[in-house]
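Any read-out appearing in this document is the output of simple, stated calculations on the displayed coordinates, not a laboratory observation. Owing to the predicted nature of the structure, the values given are computational and were not obtained by experimental measurement. In this analysis, Cβ positions are derived from the backbone assuming ideal geometry, glycine residues included, and neighbour counts consider all displayed protein chains.
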Amino acid sequence: MKLSWLTISAAAFSLAASAVCAHGLDVRADWASGIGTADKTGAVYLTIANDAYHPEYLYSAASPVAERVELHRTGPSGAMTRLDRLEIPFSDSVDMRKAGYHLMLIGLKRRLRPGERIPLELRFSDD
Ligand SMILES: [Cu+2]
């Protein structure tokens, strides 16, 4: 099992904030929300491309602006379920926003400002 950590920054309310490449993965932070929401939650949407010849899995994420970050899927009814991991098929990419996934920021420690960049640490493995 190969574990790798990527650190990227996602900009609140902005598009195509940053990109990081490692281990055949290309991660783009598309969008983050959660500016001053009353329930102290937010969402980050990534596009992850996998150029390797094997699938990669996103297992977890962390950010200093939130108490924890969970991987969620939004179902047809709008209900969210927590996932253990997200598969990025080989030679393919996942657009989390289009595919109904997001990284949920839970317990935001402060208000996020529009355009602000927030650090995100992502943990991937190839099995
Ligand atoms: Cu969620």
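Extending each Cα 7 Å along its Cβ direction at Tyr53 and Ser91, get the distance between those two points in nm, one decimal.
It is 1.0 nm.
Using a cut-off of 10 Å between beta-carbons, work out the net charge of the residues near Ala61 (Lys and Arg +1, Asp and Glu -1, Ala61 not included). Mind showing how you got there, number by number?
Working: positive: Arg68, Arg123; negative: Glu70, Glu121.
Taking every other residue near Ala61 into account, the sum is 0.
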